[in-house]
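Here's the structure we're looking at; comments come further down.
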Amino acid sequence: MDTLSQLQSELESEYQTTKKFIDRFPEGKNEYAPHEKSMKLMPLATHVVEIFGWPHTILTTSELDFAKGAYQPTVLSTKEDLLKKLEENYESGLQALQNAQEDDLNPSWTIKNDGQELASWSKYGAIRHGLNQITHHRAQMGVYYRLNDIPLPGSYGPSADQQSF
């Protein structure tokens, strides 16, 4: 299996798991945060669904400079909005991976703020970082859900609330 096929497969798997979490998103809890330093639940969930579009951005650009305004966080307010954005971003990210060639993963991709480099990877590394971000932030959502007595779906196996894979 080539690298692009592996990335596509992993994006698909993360999409299926994330969709189960978004399907359980609690209306009326958009502003919930377990601590004053924690991100609120709706912006956190929005960030998770945005990440699915990162492969498209990474494969079609060489950098993202926050100060240049090319990225503005999406603002969503309902579970339906989250599900729609998840689907759109997943399709965009998957299509970018399907249309790419292995050599497209080699050039560097950099995150900057007003020209100052914050992080840099190969495009492959940036996409891998994004996939790791999905896992990381979805786990945060799981903690928020648990603290609000929302049953957790299984992720990489059963959960205490869902014994099946």
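A compact table of results
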{"item": "Any pair with Cβ under 9 angstrom, 6 or more apart, that starts in segment 1-12 at a residue that is without any contact (Cβ under 8 Å) to a residue 24 or more places away in the chain and ends at one that is open to solvent by 40 Å² or more (accessible area, probe 1.4 Å) and in a helix (DSSP H, G or I)", "result": "Met1/Ser9"}
{"item": "Search result, residues across segment 1-12 that are surrounded by 13 or more Cβ atoms within 10 Å (Cβ to Cβ) and among the hydroxyl-bearing types (Ser, Thr, Tyr)", "result": "Thr3"}
{"item": "Segment 124-155, residues that are of a type in the set (A, V, I, L, M, F, W, C) and outside any helix (DSSP H, G or I)", "result": "Ile150, Leu152"}
{"item": "Candidates Gly125, Gly93, filtered to the one that is farther than 16 Å from Gly53 by Cβ and either in contact (Cβ under 8 Å) with a residue 60 or more places away in the chain or open to solvent by less than 50 Å² (accessible area, probe 1.4 Å) (or both)", "result": "Gly125"}
{"item": "Every residue from segment 24-55 that is open to solvent by less than 70 Å² (accessible area, probe 1.4 Å) and part of a helix (DSSP H, G or I)", "result": "Leu41, Met42, Pro43, Leu44, Ala45, Thr46, His47, Val48, Val49, Glu50, Ile51, Pro55"}
{"item": "Residue in segment 109-120 that is surrounded by fewer than 17 Cβ atoms within 10 Å (Cβ to Cβ), touching a helix residue (DSSP H, G or I) at 6+ places or on another chain (Cβ under 6 Å) and on the phi > 0 side of the Ramachandran plot present", "result": "yes"}
{"item": "Lys79 vs. criteria open to solvent by 70 Å² or more (accessible area, probe 1.4 Å) and among the basic types (Lys, Arg)", "result": "no"}
{"item": "Residue in segment 66-73 that is among the aromatic types (Phe, Trp, Tyr), surrounded by fewer than 20 Cβ atoms within 10 Å (Cβ to Cβ) and not in a helix (DSSP H, G or I) present", "result": "yes"}
{"item": "Checking Asp81 against (1) of a type in the set (D, E, K, R); (2) touching a strand residue (DSSP E or B) at 6+ places or on another chain (Cβ under 9 Å); (3) in a helix (DSSP H, G or I), the condition it does not meet", "result": "(2)"}
{"item": "Verdict on Glu88 being under 15 Å from the mean Cα position of the chain (by Cα), among the acidic types (Asp, Glu) and open to solvent by 70 Å² or more (accessible area, probe 1.4 Å)", "result": "yes"}
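Listed here are the residues, each with its yes/no results for (1) touching a residue at least 40 places away in the same chain (Cβ under 8 Å); (2) touching a helix residue (DSSP H, G or I) at 6+ places or on another chain (Cβ under 9 Å); (3) aliphatic (A, V, I, L, M).
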position: Lys19; (1), (2), (3): yes, yes, no
position: Thr46; (1), (2), (3): no, yes, no
position: Ile58; (1), (2), (3): yes, yes, yes
position: Leu82; (1), (2), (3): yes, yes, yes
position: Asn106; (1), (2), (3): no, yes, no
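The values are calculated or read from the model by the stated rules, or taken from the named source; none is laboratory data. Predicted, not measured: the structure shown is a model, and the values here were computed from it. Here Cβ is always computed from backbone atoms with ideal geometry, including for glycine, and neighbour counts include all displayed protein chains. The protein model used for the area step is the full one, side chains on, heavy atoms only, and it has no ligands, DNA or RNA in it. Shrake-Rupley method; radii C 1.70, N 1.55, O 1.52, S 1.80 Å.
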